[in-house]
Structures are given as C-alpha cells and as structure tokens.
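The values are calculated or read from the model by the stated rules, or taken from the named source; none is laboratory data. This structure is a prediction, so every number in the text was calculated from the model and none was measured. So basically every Cβ, Gly included, is an ideal-geometry build from the backbone, and we count neighbours across all protein chains shown. We work out accessible area using only protein heavy atoms, side chains counted, and drop any ligands, DNA or RNA first. Shrake-Rupley method; radii C 1.70, N 1.55, O 1.52, S 1.80 Å.
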Amino acid sequence: MKDKYILVTGGAGYIGSHTVVELLKAGYTPVIADDFRNSNKNVIDGIARITGKLPVYEEVDVTDNAALKVLFERYDFYGIIHFAAYKAVGESVADPLMYYRNNLLSLISCLELSEEFNVPNFVFSSSCTVYGAPDEVSVDENTPLKEANSPYGATKQMSERIIEDVHGSGSKTGFIALRYFNPVGAHPSSEIGELPIGKPNNLLPYVTQTGAGYLEQLTVNGNDYNTADGTCIRDYIHVVDLAKAHVKALNWLEKNPGRFEAVNVGTGIGSSVLEIVNTFERVSGIKLNWKFGPRRSGDVEKIYAKIGKSRDLLNWTAELSIEDAVRDAWNWEKKIRNV
Ligand code: UFG
C-alpha cells in the first residue's frame with residue numbers, strides 16, 4: 001500500500017508529538033517538520049519507544065517557504081497538520097511582532113505549498129482563544145468570535161480567516177480548524193509529555209513542578225470569580241484524546257473532500273483551578289504548597305466546550321478523565337525530574 005505521508009509541522013512539540021504517535025498507530029506516515037526551537041530531539045526517541053517506529057523528521061523553519069518546499073518535492077503529502085506556532089499569551093503581548101511573523105508566516109507558507117502541490121487534507125491547530133471573552137460560558141462553533149484577548153489569540157483568529165479565504169477562493173483542499181480547549185496530561189507511558197521552557201504559564205505544569213519541589217509555590221490567580229469556589233473554570237482535555245481528534249479530523253476530510261469546518265475539541269466539562277489542585281493532591285498523595293493571589297489580567301471567568309459537533313461530525317469524544325490527565329502529567333513530571 002502507498003504511504004500516506006502527513007506533514008506534521010511542530011511535530012516535536014507537546015501536542016504535535018502525541019499526534020505523531022496516534023498517526024503512526026493509525027497507519028499514516030508522519031513527516032515531522034520542526035526546527036526544535038521550542039522542543040527537544042529526545043522526543044523523537046520517545047515516539048519511537050512508544051510506537052516501535054522511528055518517525056521521519058526534518059529540521060526546518062516552517063516560515064521558510066523555500067526550505068519547506070524541499071519536503072513537498074521529496075514526499076507526496078496526503079495531508080498536513082499544522083502545529084508550528086508560538087503559544088504563550090503573555091509573551092505575545094510583550095512581543096506581538098514575533099507572534100504575527102511566526103504564526104502567520106508559517107501558516108501562509110504551508111498553505112502556499114499545499115495549493116502548489118495539491119495536498120488534499122489540511123488540519124489546523126486552532127484554539128478556543130478565538131472566542132475571546134464570549135457572552136456564553138459554554139461555546140459552540142457558531143458562538144460569535146469576540147475581539148481576541150491577546151496577539152496570540154489574534155493570530156489564531158486571523159489564521160482561521162486566512163484558511164476560510166483560501167477555501168473560498170476555490171481551493172480543492174479540505175480544511176479543519178480544531179479549536180482546542182486546555183490541553184493537559186502526558187502520554188501514559190511517560191515517554192513524551194509537556195516540556196515548558198522556563199517557568200510555565202499554564203496551570204497543570206505549574207502544579208506538577210511545584211509538587212516535584214522544582215517550584216516553590218503555586219499562586220491561584222483570583223478567588224473572587226462568580227463560580228462555586230471563586231476560581232476560574234476551564235475545559236481541560238487530555239493530550240492523548242486531543243491527538244486522536246486530529247486522526248479523526250483527517251479521516252473525516254478523506255470522506256468529505258474540499259470542505260472547511262471549525263470544530264471544538266474539549267470534554268464539555270468545566271473544572272475550577274481548585275478542583276485541579278485537589279485532584280493533584282488526591283492523585284499524587286502530596287500536599288501542594290499554594291496560596292491565593294490576585295486575578296491574572298486577561299483571564300476569562302468560565303469557558304468550556306459544547307461538544308456536539310466533534311461527536312456528530314468527527315465521531316470523536318474525549319475518553320480520558322481529568323484524573324487520568326493529572327496522573328499522567330504527574331508521572332511524566334516525576335520521570336523528568338527524577339523524583
Ligand atoms: N492559573 C493559576 N495559577 C497559575 C497558572 C494558571 O491560577 O500559576 C489559572 C489561570 O489564571 C486560569 C487557569 O489557571 O484561571 C488556567 O490557566 P492556563 O494558563 O493553564 O490556561 P488558559 O485558560 O489561560 O490558557 C489556555 C491556553 C492558551 C489559550 C487560552 C484561551 O493555554 O493557549 O486557553 O482561553 F489562549
């Protein structure tokens with residue numbers, strides 16, 4: 001059978017690496033394009049240990065159209081999953097041009113080459129950040145997109161718009177933008193997981209690093225929100241479930257060529273910051289050192305996914321629980337810190 005080559009930009013990153021595992025399991029041949037600026041080459045070995053297959057990887061800056069073109073000439077790509085992007089909200093406020101340059105140019109170069117080489121299937125890594133601060137707390141794909149809260153969020157909104165315009169111009173490619181809620185956890189094998197560089201911005205890596213004694217104390221940002229325990233509510237999705245959604249998106253595109261759809265990827269369940277802290281204490285048996293601090297600017301009080309579209313269109317729903325995610329994140333943290 002002919003190899004189904006899937007270009008996975010950012011395939012050595014957190015969500016990318018877990019998706020490469022699921023692609024290999026599903027019989028696709030992923031080709032990782034990553035310049036390892038925000039990831040580690042050990043990830044490739046981790047993927048190989050999980051799957052028994054050494055994935056192909058090409059060291060390339062995805063914003064460099066000419067360098068990326070070499071891969072399109074080498075492989076007859078059947079699909080593209082485009083992850084390569086910066087993702088830190090605060091950093092994007094401090095250095096917006098870096099975000100606009102990297103996140104938009106990487107997408108444009110993928111789309112230009114996808115058009116030139118007639119790649120049939122394209123999955124884009126979007127985010128629930130496209131909803132801005134929505135009027136409803138439970139959002140579906142028709143919820144109006146409010147103004148983005150950050151340059152990072154703006155790049156995701158603009159990226160979806162760029163894809164929509166390419167689709168509208170008569171492209172033969174089918175596109176799915178997956179709007180992730182809060183990805184957490186690690187592979188249950190502890191071979192791959194999240195590797196935040198520097199102090200983490202996101203909650204769960206902060207919790208596990210504090211639990212491991214690598215950070216001193218977690219600050220819970222705000223206790224006066226209009227929620228049951230006063231802390232913010234998010235929809236935390238296990239990264240392995242999220243990775244599987246990409247395979248389902250490819251499967252759907254194969255059967256429905258030339259379409260464009262945006263799809264939420266979440267569990268539909270909201271958890272508060274304190275619920276995550278409590279889950280960590282229960283799963284790890286460790287008493288976490290934490291305190292309340294002020295609200296973090298830009299935080300939305302509550303947001304979680306309506307999941308009907310992912311279920312009906314992609315035949316995908318999350319299977320793993322928040323306990324699974326916290327346990328897997330904790331096992332991964334213990335492994336990398338030798339705890
Ligand atoms: N939090 C803390 N203490 C911390 C870190 C986080 O209390 O040390 C809180 C936050 O204030 C928030 C919740 O934990 O209430 C979740 O915060 P994260 O930073 O983990 O996640 P966000 O929901 O802020 O960000 C996520 C993605 C972004 C995306 C955003 C869109 O990481 O990429 O959702 O809403 F832009």
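Values computed for the structure shown
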quantity	calculated
Charge tally in the Cβ shell below 11 Å around ASN65, where Lys, Arg are +1 and Asp, Glu are -1, ASN65 excluded	-3
Accessible area per residue, Å², the range 7-116 with all protein chains present, probe 1.4 Å	40
Local electrostatic count, ASN142, Cβ distance below 15 Å [Lys/Arg +1, Asp/Glu -1]	-4
Gyration tensor verdict on the range 220-339 (Cα atoms; rounded if a/c is under 1.5, prolate if a/b is larger than b/c, oblate otherwise)	oblate
Accessible area (Å², 1.4 Å probe, nearest 10) - TYR100	70
Accessible surface ranking that places the most exposed of SER138, SER126 first, with a 1.4 angstrom probe	SER138, SER126
Whole-number accessible area per residue in Å² for the range 157-210, which is evaluated in the context of all protein chains at 1.4 Å	39
Centroid-to-centroid separation of the range 56-73 and the range 107-186 [C-alpha atoms, Å]	22
Length-normalised contact order of the chain in % [C-alpha pairs under 8 Å, at least 6 apart]	19
Sites matching trypsin sites (Lys or Arg not before Pro) across the range 273-317 that sit in DSSP coil, with at most 10 neighbouring C-beta atoms within 10 Å	LYS287
Neighbourhood net charge (10 Å Cβ-Cβ; Lys/Arg +1, Asp/Glu -1) for ALA26	+3
For the range 227-305, accessible area per residue (1.4 Å probe, heavy atoms of protein chains only), Å²	41
Accessible area of PHE117 in the full protein assembly, 1.4 Å probe (Å², nearest 10)	60
Fraction of accessible area attributable to carbon and sulfur, the chain (%, probe 1.4 Å)	49
Probe 1.4 Å - accessible area at CYS232, Å² to nearest ten	10
Computed helical MRE - 222 nm, the chain, DSSP H runs ≥ 4 contributing -39500 (n - 2.57), nearest 500	-12000 deg cm²/dmol
Accessible surface, 1.4 Å probe, highest first, among residues SER169, SER39	SER169, SER39
Heavy-atom accessible area order for HIS167, HIS246, largest first, 1.4 Å probe	HIS167, HIS246
